[in-house]
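Just below is one structure, and these are the notes that go with it.
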Amino acid sequence: MERQKSMEKGLLRKSLSIRERKFPNEDAFLEAGLSRKSPREVKKPQNDDGECRVTASVFLSTFVAVSGSFCTGCGVGFSSGAQAGITKDLSLSVAEYSMFGSILTLGGLIGAVFSGKVADVLGRKRTMLFCEFFCITGWLCVALAQNAMWLDCGRLLLGIGVGLFSYVIPVYIAEIAPKHVRGSFVFANQLMQNCGISLFFIIGNFIPWRLLTVVGLVPCVFHVFCLFFIPESPRWLAKLGRDKECRSSLQRLRGSDVDISREANTIRDTIDMTENGGESKMSELFQRRYAYPLIIGVGLMFLQQLCGSSGVTYYASSLFNKGGFPSAIGTSVIATIMVPKAMLATILVDKMGRRTLLMASCSAMGFSALLLSVSYGFQSFGILPELTPIFTCIGVLGHIVSFAMGMGGLPWIIMAEIFPMNVKVSAGTLVTVTNWLFGWIITYTFNFMLEWNASGMFLIFSMVSASSIVFIYFLVPETKGRSLEEIQALLNNSVQ
């Protein structure tokens, strides 16, 4: 605590000294109602910790942003609920459906390559609008598909939109939310993904797959409409030097009666300090000063996918069928539990902290994968066949739910927190590409590995989960309760 307080005081002193050098005689940056010259407008100052109340504008902006995450969840859950219908109607082989299911992650990889640059050029709001163009077009292609090619084209376009979403949504929320609730608000990204997955897991058991694509279109259209009513990220505006618009956006987010001068100054000065050398290129990202956050970001995304999360979620129905458990019941149970579990994690993330939830999530995932390994191993040797369906149900359920509670959303929160503004584009792109690249590898090979040796595959996933606990314990810092500027100071001190 003492170290954190000293860093906060040091950052504030540095901010004030820079501000005094730039504007020694007047508050030029703080025009439009924040000047000390206007006695009629007395605004509430933020407290000493820089915390402020969570306004309706922040709630609305976060809800609108994570509506895009709901669209992502619908796309992810579609492949499980529609598998039986699509393979029957279009006569797809295992290889063809594996390509269809995994091509979402391939599209996500393409979107991730350009996600940082697009979000930096267009802004956070317009990037989300850009994402929905791909999502809506993709759903229409799938709905009208008469062969595997059109299915894959639609799924690829949907994946590109989802890949862009995966970067811009957590970054936008992290840049607008007050620090004491930032973790919970960014984790709402994962919560809404789970809502979309749960919805498609449930209704996919009852309605035809073409009608399911129409259901996927509805939240995309709703999201496009709502995006016109939220402000742009003040940090992105400040980065472009649009200080007046930055102030206006920040005032709208914090409330018209709040004096935002301190927060606005800190944002402006932190950007000035990190951008003295200009915008960093991808090659400059591999300098020693960025090594620590880069290892954390890339490492978490790498481990998130290699624990098998995408494969288990995309092909939950296949896992239940292989274990002899009714897939309709299994996916409905998962859908029922996933959302309350993610809601609990949303509450706990700013109380327990990121590290604790990550390690608890990895522990539960490792145990669930080990249970599935034992279950399919017993099945292959004909041992205790009556226990295989029970173990399969518990294992799949535990793996998906524990992933949703921590490892699913927390790496994205940490990614949005640890990189300074001058490298956020290149670093965020690299981290997001890592996630989608290994996600595609897992989802494409999952069905083949399931037929080859299901027990061995889940044993590997269990070992990766155990390795993740070690990685988090020794390398991942706790970012709970710190502003983005304080996190930069912490990571810089760790490198030095």
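Of note:
- Subset of segment 389-400 that is of a type outside the set (G, A, S) and either in the same structural domain as Q190 (by the TED database) or crowded, with 24+ Cβ neighbours inside 10 Å (or both) - its residue that is farthest from the chain's Cα centre (by Cα): T392
- For segment 417-428, the criterion of being over 30 Å from A119 (Cα atoms), among the β-branched types (V, I, T) and either crowded, with 21+ Cβ neighbours inside 10 Å or in contact (Cβ under 8 Å) with a residue 60 or more places away in the chain (or both) is met by no residue.
- Unique residue being polar (S, T, N, Q) and buried (at least 18 other Cβ atoms within 10 Å of the Cβ) when the list is S91, S115: S115
- Identity of the residue in segment 358-388, of a type in the set (A, V, I, L, M, F, W, C) and open to solvent by less than 10 Å² (accessible area, probe 1.4 Å), that ends up farthest from K322 (Cα to Cα): L358
- Residue count for segment 118-170 under the criterion of being within 28 Å of L410 (Cβ to Cβ), touching a residue at least 40 places away in the same chain (Cβ under 8 Å), open to solvent by 10 Å² or more (accessible area, probe 1.4 Å) and touching an Asp or Glu at 6+ places or on another chain (Cβ under 9 Å): the result is 2.
- Every residue from segment 328-361 that is among the hydroxyl-bearing types (S, T, Y) and touching a residue at least 12 places away in the same chain (Cβ under 8 Å): T331, S332, T336, T346, S361
- Candidate set: segment 181-205, residues that are polar (S, T, N, Q) and under 21 Å from L358 (Cα atoms); chosen: the one most open to solvent (accessible area, probe 1.4 Å): Q193
- Residues in segment 179-205 that are among the aromatic types (F, W, Y) and under 12 Å from V349 (Cα atoms): F185, F187.
- Tally of residues being in a helix (DSSP H, G or I) and open to solvent by 40 Å² or more (accessible area, probe 1.4 Å) across segment 206-215: 4
Okay, residues lined up against (1) open to solvent by less than 30 Å² (accessible area, probe 1.4 Å); (2) among the polar types (S, T, N, Q):
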| position | (1), (2) |
| --- | --- |
| Y292 | no, no |
| Q304 | yes, yes |
| A316 | yes, no |
| F320 | yes, no |
| G323 | yes, no |
| I337 | no, no |
| P340 | no, no |
| K351 | no, no |
| R354 | yes, no |
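- Helices (runs of 4 or more DSSP H) contained entirely in segment 60-147, each with at least 3 residues that are over 19 Å from V171 (Cα atoms) and modelled with pLDDT under 90: 83-89, 94-122
- Being under 17 Å from G308 (Cα atoms) and either of a type in the set (K, R) or open to solvent by 20 Å² or more (accessible area, probe 1.4 Å) (or both) is a property that holds for Y444.
The values are calculated or read from the model by the stated rules, or taken from the named source; none is laboratory data. Please read these numbers as outputs of a predicted model, since none were measured by experiment. When we count neighbours, we look across all protein chains shown, and the Cβ atoms used for this are built from the backbone with ideal geometry, even at glycine. Each accessible area value is taken on the protein alone, full model and side chains, heavy atoms only, with ligands, DNA and RNA left out. Shrake-Rupley method; radii C 1.70, N 1.55, O 1.52, S 1.80 Å.
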